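Asker: Dropping a structure here in structure tokens format, bear with me for questions.
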Amino acid sequence: MSATTRSRTPDRLCAEAVDLARAAAEEAAAPGVVGEHSGLVSEGDRVVTHFFECKEPGYRGWRWAVTVARASRAKLVTLDETVLLPGPDALLAPEWVPWSERLRPGDMGPGDLLPTDAEDLRLEPGFTGEDEPAPNSPVSEEMAELVEAEDLEVTAGAPATLPVVPSRGSIAAVAEELGLRRARVLSRYGLHTAADRWEDSHGPKTAMAQAAPASCVSCGFLYPIGGSLGQAFGVCGNEFSPADGRVVSLAYGCGGHSEAAVMPAPPRPAPPVIDETRVDPFPLRPSPDSGSVPVASDESSAELGHS
């Protein structure tokens, strides 16, 4: 407990060595940028750090920190270190962010190269012929057994040693047809993220699609695409459409629909059966001449209270 108390209480000789600390700060800094003494703090037994204001332009709130110390039972205070540190209200640069996290769509220009991380979740290994395909791959062991059962030819070797057009019925030919004969292909995660982006930019929830006369699934300008994404997306081929050359959702639409001019106008609603905007009078008592109550002609009925 006594050691803790001594470490929190500044050493008297070290606390009085303000001139020594200022001289060290002025030696490390440019002339005229060391300001007033702004306090001190105890770093431990016989170790004190003095703070001086920094007048350097661009370093608002920073301060020079000079640490001094002395040996046990010694009266000579020596210099430990001098550094420029930010204060509680210092102006600091924003936290550094790697380029891979700063990059945004559209940032690439002509001549720019974007290296893809080896562990990119959007990609997964394709079929190269150098190793066994993944268990869930269309060119897995099950496909090889099918090729053998059909008495077809299987071409061995890496893609670099294979002919340009693989032999029909070979595993390489199947991989070529499915688009898997590459080092890496889109993973399921990559497909989902791409579909989300396309859905947000050209999907049924956009303002253009909400005002369109029909969706792209019935438009003659829609060019279908292959693969699993072809069930929900296509490419727009209308030069007057805002989505020309873009991948659009089948539920997207615009005013340039191929059949917009021949589409029948929506039917007009029938007039209402009950007009709720008009108020009909409803008397509390029937009129004498309405015929619902006979008119009394004798005095006897009048005396009995009949009207």
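The values are calculated or read from the model by the stated rules, or taken from the named source; none is laboratory data. Since we're looking at a predicted model, the values are computed, not measured. We place every Cβ from the backbone using ideal geometry, glycine too, and count neighbours over all the protein chains shown. For accessibility, only protein heavy atoms count, side chains too; no ligands or nucleic acids. Shrake-Rupley method; radii C 1.70, N 1.55, O 1.52, S 1.80 Å.
Asker: Can you compute 3J(HN,Hα) from phi for each residue in region 106-113, using the Karplus curve 6.51 cos²θ - 1.76 cosθ + 1.60 with θ = phi - 60°, rounded to whole Hz and x for Gly and Pro?
Answerer: Couplings: x, 6, 6, x, x, x, 6, 10 Hz.
Asker: Moving to a separate point now. For region 12-122, with all protein chains present and a 1.4 Å probe, just round the carbon and sulfur fraction of the accessible area to a whole percent. Walk me through the numbers on the way to the answer.
Answerer: Working: 4230 of 7880 Å².
Reported share for carbon and sulfur atoms: 54 percent.
Asker: FRET efficiency for residue 276 and residue 217, Cβ-Cβ distance as r, R0 = 41 Å, nearest 0.05?
Answerer: Computed FRET efficiency for residue 276 and residue 217: 0.55.
Asker: Can you tell me the length gained on complete extension of the stretch residue 207 to residue 100, counting 0.36 nm per residue apart and subtracting the Cα distance?
Answerer: Length gained, residue 207 through residue 100: 35.3 nm.
Asker: May I ask you to evaluate 6.51 cos²θ - 1.76 cosθ + 1.60, the Karplus curve with θ = phi - 60°, for each residue of region 17-22 and list the ³J(HN,Hα) values in order in whole Hz, giving x for glycine and proline?
Answerer: 7, 6, 5, 4, 5, 5
Asker: Show the residues, 5+ positions off or on another chain, whose built amide H is closer than 5 Å to the amide H of residue 185.
Answerer: 124, 126
Asker: Which FRET efficiency value, to the nearest 0.05, do you get for residue 108 and residue 45 by plugging their Cβ-Cβ distance into 1/(1 + (r/R0)^6) with R0 = 51 Å? Walk me through the numbers before you get to the answer.
Answerer: Numbers: r = 58 Å, r/R0 = 1.13.
That gives a FRET efficiency of 0.30.
Asker: So, by mean Cβ neighbours within 10 angstrom, what's the order for 95-102, 243-250, 220-227 with the highest one leading? Kindly include the intermediate steps, with their values, before the conclusion.
Answerer: On the way: 95-102: 7.9, 243-250: 19.6, 220-227: 13.0.
Highest to lowest by the protection proxy: 243-250, 220-227, 95-102.
Asker: What is the distance in Å between the Cα centres of region 4-70 and region 241-261?
Answerer: 70 Å
Asker: Let me ask something additional. Under the 0.36 nm per residue contour assumption, what length would be gained going from the current alpha-carbon distance of residue 81 and residue 183 to full extension?
Answerer: Contour length minus Cα-Cα distance gives 31.3 nm.
Asker: Please compute the per residue accessible area over region 1-98 with all protein chains in place, 1.4 Å probe, rounded to a whole number of Å². Don't skip to the answer; put the middle values down first.
Answerer: Numbers: 6510 Å² over 98 residues.
So region 1-98 comes to 66 Å² accessible per residue, rounded to a whole number.
Asker: With θ set to phi - 60°, apply the Karplus curve 6.51 cos²θ - 1.76 cosθ + 1.60 along region 80-90 and write out the HN-Hα couplings as whole Hz, x wherever there is a Gly or Pro.
Answerer: Residue by residue, region 80-90 yields 9, 7, 9, 9, 9, 10, x, x, x, 10, 6 Hz.
Asker: Between residue 47 and residues 5 or more places away or on another chain, which pairs have amide H atoms under 5 Å apart, with H built 1.01 Å from N, and which residues are they?
Answerer: 11
Asker: Let me ask you something else. Just to verify a number: what accessible area does residue 112 come out at with the full protein assembly present, 1.4 Å probe, Å² rounded to tens?
Answerer: Only protein atoms counted, so the area is about 80 Å².
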